[in-house]
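Below is one structure, written out as structure tokens; comments come after it.
The values are calculated or read from the model by the stated rules, or taken from the named source; none is laboratory data. From a predicted model like this one, the values you see are computed outputs, not experimental measurements. Note that we place each Cβ from the backbone using ideal geometry, even for glycine, and neighbour counts take in every protein chain shown. Protein only, heavy atoms only, side chains kept; ligands, DNA and RNA dropped before computing areas. Shrake-Rupley method; radii C 1.70, N 1.55, O 1.52, S 1.80 Å.
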Amino acid sequence: MAWKGVLSEWASWLPITERTPRLTLHEGGTPLVHARRLSAAWNVELYLKVEGANPTGSFKDRGMVLAVAKAVEDGARTVICASTGNTAASAAAYAARAGVEAVVVIPEGKIARGKLAQAVAHGARVIAVRGNFDEALTLVRTLAESDRVALVNSVNPYRLEGQKTAALEVAADLGRPPDELFLPVGNAGNISAYWMGFSALRAAGGAQDIPRLHGVQAEGAAPMVTGRPVEHPETVATAIRIGNPASWRKAEAAIAGSGGSIQAVSDAAILEAYHEVAEREGVFCEPASAASLAGLKAHLHKGLVRPGARVVAVLTGHGLKDPDTASGAVAVETLDADLETLRRAIGLVPA
Ligand code: F0G
């Protein structure tokens, strides 16, 4: 059987050698779903890049497979990361797969329950610190400089190399890059990776156009919008609850180079988009991911996206990651286990 996954599908685009372990959980190759109803409602041609379909349910797997493979190639026995949750889940899974130890450092009380469950299930050493993500990242970066552990946060260049494959897939699926691409920004690695991917494609003589890259932050955690670090970031979208992005400068270059933008959206707008895409398109993403759609809607309101434009919204993580946000919103009706009661309740006979 041919082996699948990012390292196999995109080998020639990645810094791998014969000595790089062929690590895979069949990550990448995620669906680009045409959003028919939202396209009609918003008068654009909208596609959803469903990154929640990756093995651990987020885009992190694309970069993690390469970062862990390279760490193993270099003889590492332990990988470490700070995380708002998804990086932790991905590091834990790929470390388990590769047979090395994972240590994940998370902000206490501020990561979605599904992500914590994943890190625990894969046997990672999970450490919660009394502090936020930015403080956790400073700790692990310092540790990795002096101690024998491999840092697998997106400051590790292999992470962005792997993540750029999402841009290559989008261009391949559409036949060319889209006009606009919206995505949530936390630590600002992913927007930088999309820029790398589309730029690499152009350099290889493929499509010449690079989509305008639009980053979206949450209002309470929008350092790139205000222009200065946020000491106490807050948002319902815990994945992007970050006050001082490590790839800030890279992301600015991506935005300027592509003619894109950076904006902030409210938690209310994030949750509205989160419900809308789940109810109208059948695609369930986590709150942070819906920031991309909230940002698109804000741009449409301001007339900043031309009618009929080809737009991709990157839905970075699966909705099941955060069961508390999902189930907090619904009213479950409880009935007696009786056929007539059920018929009346769903309107098949008059109440
Ligand atoms: N969406 C989701 C679901 C994320 O988990 C993250 C980042 C982002 C968007 C933002 O991507 O940081 O590259 O700008 N999560 C990291 C983590 C920080 O630790 O899992 P970014």
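Looking at (1) over 30 Å from L46 (Cα atoms); (2) touching a residue at least 40 places away in the same chain (Cβ under 8 Å), which is the one condition that is false for R125?
All conditions are met except number (2).
Of all residues in region 291-318, which are within 15 Å of the ligand (Cβ to nearest atom) and in a loop (DSSP other than H, G, I, E, B)?
Residue satisfying the conditions is T316 alone.
Can you pull out the residues in region 213-247 that are assigned to a helix (DSSP H, G or I) and not hydroxyl-bearing (S, T, Y)?
Once the filter is applied, which keeps residues that are assigned to a helix (DSSP H, G or I) and not hydroxyl-bearing (S, T, Y), region 213-247 yields P223, M224, V225, A239, I240.
Could you list, in sequence order, all residues of region 185-212 that are hydrophobic (A, V, I, L, M, F, W, C), outside any helix (DSSP H, G or I) and more than 15 Å from the chain's Cα centre (by Cα)?
Those that are hydrophobic (A, V, I, L, M, F, W, C), outside any helix (DSSP H, G or I) and more than 15 Å from the chain's Cα centre (by Cα): A204, A207, I210.
Could you list, in sequence order, the residues of region 31-49 that are assigned to a strand (DSSP E or B) and surrounded by 14 or more Cβ atoms within 10 Å (Cβ to Cβ)?
Selection gives L32, V33, E45, L46, Y47, L48, K49.
For A268, which of the numbered conditions (1) open to solvent by 50 Å² or more (accessible area, probe 1.4 Å); (2) within 14 Å of G319 (Cα to Cα) fails to hold?
Unmet for A268, out of (1) open to solvent by 50 Å² or more (accessible area, probe 1.4 Å); (2) within 14 Å of G319 (Cα to Cα): (2).
Exactly one condition in (1) within 12 Å of the ligand (Cβ to nearest atom); (2) in a helix (DSSP H, G or I) is false for I262; which is it?
Here I262 clears every test but (2).
Report, by residue number, each residue of region 167-190 that is within 6 Å of the ligand (Cβ to nearest atom) and closer than 10 Å to V312 by Cα.
Selection gives nothing.
Kindly indicate whether any position in region 193-207 is in contact with a strand residue (DSSP E or B) (Cβ under 7 Å, 6 or more places away or on another chain), at pLDDT 95 or above and away from the ligand (no atom under 16 Å from the Cβ).
The answer is no, given that none of the residues of region 193-207 is in contact with a strand residue (DSSP E or B) (Cβ under 7 Å, 6 or more places away or on another chain), at pLDDT 95 or above and away from the ligand (no atom under 16 Å from the Cβ).
Could you please let me know if V72 is more than 18 Å from R141 (Cβ to Cβ) and among the β-branched types (V, I, T)?
The answer is yes for V72.
Under 9 Å by Cβ, and 6 or more places apart or on different chains, what pairs join a residue from region 287-300 that is closer than 19 Å to G85 by Cα and at pLDDT 95 or above with one that is acidic (D, E) and in a helix (DSSP H, G or I)?
P287/D267; S289/E51; A290/E272; A290/E276
How do the pairs read when you match residues in region 191-206 that are surrounded by 23 or more Cβ atoms within 10 Å (Cβ to Cβ) with residues anywhere that are polar (S, T, N, Q), using Cβ under 6 Å and keeping only pairs 6 or more apart or on different chains?
Pairs found: S192/S247; A193/Q163.
Which is on the phi > 0 side of the Ramachandran plot and touching a Lys or Arg at 6+ places or on another chain (Cβ under 6 Å), of G29, G85, G5?
Answer to the selection: G85.
Condition test on F182, is it open to solvent by less than 40 Å² (accessible area, probe 1.4 Å) and assigned to a strand (DSSP E or B)?
yes
Give the number of residues within region 142-169 that are in contact (Cβ under 8 Å) with a residue 40 or more places away in the chain, touching a strand residue (DSSP E or B) at 6+ places or on another chain (Cβ under 9 Å) and either part of a helix (DSSP H, G or I) or open to solvent by 30 Å² or more (accessible area, probe 1.4 Å) (or both).
The total comes to 7.
Run down V349, V330 and say which single residue is at pLDDT below 95, among the aliphatic types (A, V, I, L, M) and open to solvent by 80 Å² or more (accessible area, probe 1.4 Å).
When all the criteria are applied, what remains is V330.
Filter region 219-252 down to the residues that are small (G, A, S) and away from the ligand (no atom under 14 Å from the Cβ), then identify the one that is least open to solvent (accessible area, probe 1.4 Å).
That would be G220.
Need pairs with beta-carbon distance below 6 Å; first residue without any contact (Cβ under 8 Å) to a residue 60 or more places away in the chain and within region 20-35, second of a type in the set (S, T, N, Q); sequence gap 6+ or separate chains.
E27/N54
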